[in-house]
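Student: Submitted below is the structure of interest, expressed as structure tokens.
The values are calculated or read from the model by the stated rules, or taken from the named source; none is laboratory data. Keep in mind that this is a model prediction, so the values were computed, not measured. As a convention, Cβ positions derive from the backbone with ideal geometry for all residues, glycine included, and neighbour counts pool all protein chains shown. Side chains included, ligands, DNA and RNA excluded: accessible areas come from the protein's heavy atoms. Shrake-Rupley method; radii C 1.70, N 1.55, O 1.52, S 1.80 Å.
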Amino acid sequence: MKILVIEDNKGVCSMIEMFFAKEGIDGVFVNDGLEGYNRFKTGTWDALIVDWMLPGMDGVSICRKIREEKFTVPIIMLTAKDSESDQVLGLEMGADDYVTKPFSPLTLMARIKAVTRRIQAQVPKEEDNFLKTSHFKVNKITREVFVDETQVTNLTPKEFDLLYYLVEHPRQVFSREQLLERVWGYQFYGDERTVDVHIKRLRKKVETTSQPFFHTVWGVGYKFDDSFKADEV
């Protein structure tokens with residue numbers, strides 16, 4: 001596994017590098033945001049770890065540019081900002097997860113393993129990972145999504161994971177806690193609005209006004225159902 005770490009605190013870099021060595025991870029460390037972004041574009045990475053505050057280019061800008069250019073590499077943001085609005089902003093700009101400083105290296109490693117599990121896992125048979133509904137065709141192996149035969153190409157890794165899980169369980173209602181545990185892949189002790197942000201982004205990318213797919217069940221959570229149109233509700 002090859003991970004790019006863009007972090008200007010050399011002490012934090014040394015700590016991460018030590019744990020990478022124990023896990024057999026090939027880590028590349030860059031201390032400047034703009035340099036790190038340029039390094040990202042010239043390499044192939046299994047994951048990206050980005051600090052929020054960086055010289056040259058801040059972490060939020062890096063996330064935004066990477067997603068605008070339709071790269072789907074998993075991104076974990078390191079941040080000393082612990083307010084809800086800051087964390088939501090990072091997710092909205094394309095980060096798949098965040099870790100608040102100061103943090104335990106074991107916590108960071110757990111997050112890395114969670115967002116990269118799809119890469120490390122043995123690839124199963126294609127027929128076991130292909131979903132088809134009234135409007136959707138979703139392939140878990142190639143991570144391709146088609147809505148009414150039009151391919152959706154701008155989903156982040158975590159958006160795809162959430163979409164696949166909901167499409168795999170049509171009309172089943174899930175609470176935010178259940179989605180955090182089953183899609184994010186670890187016991188989440190942060191803000192449940194992480195789910196809300198990702199649902200909002202999925203709606204913006206795949207829905208139309210007349211054709212909703214991701215439905216809010218008030219007081220409970222969310223469900224996927226593409227069997228009816230908005231004017232039929």
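Student: Ignoring everything except DSSP H segments at least 4 long, calculate the 222 nm mean residue ellipticity for the chain; use -39,500 (n - 2.57) per segment, divide by total residues, nearest 500.
Tutor: One gets -12000 deg cm²/dmol as the mean residue ellipticity at 222 nm.
Student: Roughly how many Å² of His215 are accessible to a 1.4 Å probe, to the nearest 10?
Tutor: Its heavy atoms expose roughly 30 Å² to the probe.
Student: Something else now. Treating the angle as unsigned and between 0 and 90°, give the value, to the nearest 10°, between the Cα long axis of helix 193-206 and the longest Cα principal axis of the chain.
Tutor: The answer is roughly 60 degrees.
Student: Given a Förster distance of 25 angstrom, what is the FRET efficiency for Asp8 paired with Lys65, based on the Cβ-Cβ distance and rounded to 0.05? Don't jump to the answer; show the numbers that get you there.
Tutor: Working: r = 18 Å, r/R0 = 0.72.
For Asp8 and Lys65, the calculated efficiency is 0.90.
Student: Want the number for His169 to Met109: 0.36 nm per residue separation, take away the alpha-carbon distance, what's left?
Tutor: Contour length minus Cα-Cα distance gives 18.7 nm.
Student: Return the loop-located GluC sites (Glu not before Pro) in the stretch 137-168 (DSSP other than H, G, I, E, B) with at most 12 other Cβ atoms within 10 Å of their own Cβ; answer none if there are none.
Tutor: Sites meeting the loop and neighbour criteria: Glu149.
Student: Could you please state how large a percent of the accessible area of the chain is carbon and sulfur, counting protein chains only and using a 1.4 Å probe? Walk me through the intermediate numbers first.
Tutor: Working: 5670 of 11660 Å².
Answer for the chain is 49 percent, counting heavy atoms of protein chains only.
Student: Testing the spin-label approximation: label points 7 Å from Cα along Cα→Cβ at Ala21 and Arg39. State their distance in nm.
Tutor: It works out to 1.8 nm between the two label points.
Student: Return one number: the angle in degrees, 0 to 90 and rounded to the nearest 10, between the long axis of the Cα atoms of helix 105-120 and the longest principal axis of the Cα atoms of the chain.
Tutor: For 105-120 against the chain, the angle is about 50 degrees.
Student: Under 5 Å between amide H atoms, partner at least 5 residues away or on a different chain: which partners does Leu155 have, H built in plane at 1.01 Å?
Tutor: Result for Leu155 returns nothing.
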